[in-house]
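The block underneath contains the structure these notes are about, expressed in C-alpha cells.
Every number in this text was worked out from the coordinates using simple rules, so none of it is lab data. The structure displayed is predicted, hence computed values, not measured ones. FYI the Cβ positions are ideal-geometry reconstructions off the backbone, even for glycines, and counts take in every protein chain you see.
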Amino acid sequence: MVTDKLSNSFFSGLKDGIPIGLGYLSVSFTFGIMAVNSGLPVWIAVLISMTNLTSAGQFAGINLINAGAPYIEMALAQLVINMRYSLMSLSLTQKTDKSFNTLHRLILSFGITDEIFAVASGKPHDIDTKYMYGLITVPYWGWALGTLIGAAAGSILPESVSSALNIAIYGMFLAIIIPPAKKARPVLWVIILSVTISFVLRYTPYLNKLSEGFVIIICAIAASGFGALFYPIKEVAE
Amino acid sequence: MIFIHILIMAGVTYLVRMLPMVIFKKKIESNFIKSFLYYVPYAVLGSMTFPAIFSSTSSLYSAIAGTIVAVFLAFREKSLLTVALSSCVAVYIIEWILRFMNLQ
C-alpha cells in the first residue's frame with residue numbers, strides 16, 4: 001500500500017515521463033526542421049507543437065497548410081489521423097481514480113499521446129491526477145523544445161544520430177508491451193493479431209492507401225475485440 | 001488564414017481526446033467492453049510499432065538490429081529508457097559499420 005501511494009505521486013509521473021520526453025526531442029526536432037523547410041516561421045512551428053502535441057497529425061497538418069487545403073479537409077484529416085486518441089482516452093477512463101473531476105479531465109485529456117497513454121495504462125494500479133500532471137510535463141516541454149531547436153538550428157544533429165534516435169519511440173513501445181505479453185498468453189495473441197493485420201494492411205495493394213491513423217484503429221478494434229471475445233478478463237486488474 | 005488552420009488542427013485533436021474522457025466518468029460494467037479496453041493498449045502499440053519500426057531509420061539492416069536489441073532487452077524486462085537507448089545505440093553502430101564498408 002505504501003509503495004502504491006509513493007508511485008502515484010507527481011514526481012513518479014515526472015520520472016516516468018523522462019524517456020518519453022527524450023524520444024519526443026528527436027521527433028519534434030524533425031518536425032521543426034520540416035516545418036521551417038516548408039516555409040513556416042519558427043514561432044508558428046512551435047505554436048503548432050504547443051497546441052497540438054501529436055506527431056502524425058502535425059506532419060500532415062503542415063503539408064495541408066502549405067497546400068492551402070480547405071478547412072474541412074484539415075478537420076477531416078486530423079479527425080482520421082487522431083481518432084485513435086478517443087480509444088485511448090476511453091481506455092484511460094477505466095484507470096483513473098476519484099481525483100479526476102471534470103476540470104482535471106478537461107485539462108489532462110489534452111496530454112493524451114500514444115506514449116503517455118502507453119505508460120499510464122501500463123501502471124499496475126489506478127492513476128491519480130498528480131501522477132498524470134507529472135507524466136505529461138516532461139514530454140510536453142520536450143516536444144516544444146525539440147520543435148524550437150529543430151526549427152531554429154536546422155541540421156545541427158548529424159544524420160547518423162537523428163536516424164538512430166528515430167527508433168527510440170518504438171523501442172519504448174516494445175518495452176511496454178513485451179513484459180505483459182510474457183506473463184499473459186491472451187495479451188500475446190492480441191499483439192500478434194494486431195501486428196499481423198498491420199502488416200497485411202500496409203503491404204496489400206489498395207488497402208495500403210489507408211492512412212496510418214485508420215490502420216491503427218482497425219488493428220485496435222479487431223485485435224481487442226478478438227481478445228475480449230475469446231479471453232474475457234475475469235476480474236478487473238487493479 | 002494560417003491561424004484558422006492551426007485552430008482547426010488543435011481543436012479537432014483536442015476534442016477527440018477530451019470528449020471520451022469527460023463523457024465516460026463511471027467504471028464500465030460490461031465485461032466485454034472492459035476486456036476490450038484492457039486489450040486496446042497492446043493492440044494499438046503493436047500495430048504502431050510494426051511494420052513502422054523497420055522504416056524508422058535510414059537502413060533496413062540497422063532497423064532490424066535495433067528491433068532485435070529492443071525485443072531482447074524488453075524480454076529481459078529492462079526499463080523503458082534502457083530499451084529505447086540501447087536500440088538507438090545498435091542502430092548507430094550498424095549504420096557506422098555500413099558506412100565504413102561502403103567507403104572501403
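When chain A is treated as a GNM with alpha-carbon contacts under 10 Å, the residue of A:ALA56, A:ALA67, A:ALA168 showing the greatest mean-square fluctuation is A:ALA67. Amide H to amide H, with H built 1.01 Å from N, A:THR96 comes under 5 Å of A:ILE127, counting only residues 5 or more places away or on other chains.
Computed over all pairs of different Cα atoms, the Kirkwood value for the hydrodynamic radius of chain B is 17.5 Å. Based on alpha-carbon atoms, the Kirkwood radius and the radius of gyration of the range A:2-173 give Rg/Rh equal to 1.00. Each residue of the range A:37-44 was assigned a 3J(HN,Hα) from its phi angle through the Karplus expression (A = 6.51, B = -1.76, C = 1.60, θ = phi - 60°), giving 4, 7, x, 7, x, 4, 5, 5 Hz with x at Gly and Pro. Within the listed set A:PRO158, A:PRO186, A:PRO124, the Gaussian network model of chain A (springs between alpha-carbon atoms below 10 Å) gives the highest mean-square fluctuation for A:PRO158.
Put a dot 7 Å past the Cα of A:ILE18, heading toward its Cβ, do the same for B:PHE75, and the two dots end up 2.8 nm apart. Computed over neighbours whose Cβ is under 14 Å from that of B:ALA70, the net charge equals +1, Lys and Arg +1, Asp and Glu -1. Helix-only arithmetic for chain A: the sum of -39500 (n - 2.57) across DSSP H runs with n ≥ 4, divided by the residue total, places the mean residue ellipticity at 222 nm at -24000 deg cm²/dmol. Summing +1 for each Lys or Arg and -1 for each Asp or Glu among the other residues whose beta-carbon sits under 14 angstrom from that of A:SER26 gives -2. The lysine pair tally for the range A:2-173, using Cα distances under 15 Å and a gap of 8 or more places or different chains, is 8. As a length-normalised measure over Cα pairs under 8 Å and 6 or more apart, the relative contact order of the range B:50-103 settles at 37 percent.
With θ taken as phi - 60° and the Karplus curve 6.51 cos²θ - 1.76 cosθ + 1.60 applied, the whole-hertz 3J(HN,Hα) list for the range B:70-76 is 5, 5, 4, 5, 5, 5, 7 Hz, x standing for glycine and proline.
Along chain A, the longest continuous region that contains none of the trypsin sites (Lys or Arg not before Pro) in a DSSP loop with at most 11 other C-beta atoms within 10 Å is A:99-233. Taking 20 Å as the straight-line reach from the Cα of A:LYS234, the aspartates and glutamates in range (excluding those fewer than 8 positions away in the same chain) are A:ASP126, B:GLU29. B:ILE4 to A:ARG185: FRET efficiency via 1/(1 + (r/R0)^6), r the Cβ-Cβ distance, R0 45 Å, to the nearest 0.05? E between B:ILE4 and A:ARG185, to the nearest 0.05, is 0.35.
Go ahead and set up a Gaussian network model of chain B, Cα springs under 10 Å, then flag whichever of B:VAL89, B:VAL71, B:VAL22 fluctuates most. Highest fluctuation of the listed residues: B:VAL22. Taking trypsin sites (Lys or Arg not before Pro) across the range B:39-104, the ones in a DSSP loop with at most 15 further Cβ atoms lying within 10 angstrom of their Cβ are B:ARG76.
Shape of the protein assembly as shown from the C-alpha gyration tensor: rounded (a/c under 1.5, with a ≥ b ≥ c the square roots of its eigenvalues).
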